[in-house]
Ligand code: ADP
C-alpha cells in the first residue's frame with residue numbers, strides 16, 4: 001500500500017495537492033479537518049465540541065481524531081492506500097497512527113512536507129476565508145493562533161518521521177502543477 005502523510009502548516013496546499021494525488025494514485029483521502037467539518041454540518045455532539053476549539057484555532061483532542069481515523073481505516077479495508085491530510089498533528093497522533101497501521105500489517109510509506117513561509121500562509125488563508133466562508137480563515141488572530149499551534153505541537157511530528165528516515169520536504173511555493181510534479185517525483189522514490 002502507498003500510505004502518505006501530507007504535511008505542512010495551515011494554508012500550505014495539502015488539500016489542493018491531495019485532490020490531485022487521489023486521482024493519480026487511486027488513494028483514499030483522509031482529512032481530519034474535512035471529517036470534523038462534516039460532523040459540524042451534521043450537528044453531532046462531537047461536531048459541536050470540536051467547533052468551539054476549531055473556531056479558536058486550537059487543536060481538538062488527540063483521542064477524538066485518532067478514533068475518527070481508526071473508523072475510517074476500518075471502513076476502507078480494500079483501499080490501495082491513504083493520504084493523511086492534517087493528521088497526524090501531534091507526536092501522540094503519529095504514534096497512534098503507527099500502531100493502527102501496524103495492527104493491519106501496514107505502515108506509512110513517507111511524509112511529504114510542503115514548505116511555505118508565514119507571510120505567504122497568512123495571505124493565502126485570508127484569501128481562502130473570503131471564498132470558503134470558513135470561520136477559522138476569516139479572522140487574522142485565529143490564523144496566527146493556528147500557526148502558533150502548528151509550530152508548537154505539529155512541527156515536532158516531522159522529527160518523528162525523520163527518525164524513521166521517512167521525511168521528505170519540497171518547496172510549496174509556485175504553481176499547483178509544478179508543486180504536484182515535485183510531489184510525484186518524491187513519491188516515485190518511496
Ligand atoms: P488547516 O490545515 O488549514 O488549518 P484543517 O482543515 O486541516 O485546516 O483543520 C482545521 C481545524 O480542525 C484545525 O485548526 C483544528 O482545530 C482541527 N483539526 C484538524 N485536524 C486535526 C488533528 N489531526 N488534530 C487536532 N485538531 C485537528
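Only the coordinates and a few stated rules stand behind these numbers; no lab work does. Since this is a predicted model, take the numbers as computed values, not measurements. Because the Cβ atoms are built from the backbone with ideal geometry, glycine has one as well, and the counts that use them run over all protein chains shown.
Observations, loosely collected:
- Taking a ≥ b ≥ c as the square roots of the Cα gyration tensor eigenvalues, region 35-190 comes out oblate, since a/c reaches at least 1.5 and a/b does not exceed b/c.
- Segment residue 1..residue 92, full-extension length gain: 30.5 nm, with 0.36 nm per residue of separation and the alpha-carbon distance subtracted.
- Order of 59, 21 under a 10 Å beta carbon neighbour criterion, fewest first: 59, 21
- Just so you know, the Rg over Rh for region 69-130 is 1.09, from Cα atoms, with Rh as the Kirkwood radius.
- Look at where the Cα atoms of region 42-92 and of region 145-166 average out, and the two centres are 17 Å apart.
- Among 183, 91, sorting on how many other beta-carbon atoms sit within 10 Å of each Cβ, with the fewest leading, yields 91, 183.
- Sorted by Cβ neighbour density within 10 Å, fewest at the top, the residues 84, 160: 160, 84
- Inter-label distance for residue 123 and residue 155, nm, one decimal - labels placed 7 Å from Cα along Cα-to-Cβ: 2.1
- Measuring nothing but how far apart in sequence close Cα pairs (under 8 Å, 6+ apart) lie, relative to its length, region 74-190 scores a relative contact order of 34 percent.
- GNM on the chain, alpha-carbon springs under 10 angstrom: the most fluctuating residue among 90, 45, 16 is 45.
- Residue among 86, 43, 11 with the largest mean-square fluctuation in a Gaussian network model of the chain, springs linking Cα atoms under 10 Å: 43
- Helical content alone sets the calculated 222 nm signal of the chain at -17000 deg cm²/dmol, taking -39,500 (n - 2.57) per DSSP H segment of four or more residues and averaging over every residue.
- The overall shape of region 56-104, judged from the alpha-carbon gyration tensor, is prolate: a/c is not under 1.5, and a/b is greater than b/c.
- Highest mobility in the GNM of the chain, judged by mean-square fluctuation with C-alpha springs under 10 Å and restricted to 141, 122, 131, is found for 131.
- Computed FRET value (nearest 0.05) for residue 46 with residue 19, which takes r as the C-beta separation and R₀ as 41 Å: 0.95
- Anisotropy class of region 140-190 from Cα gyration tensor, a/c 1.5 cut: oblate
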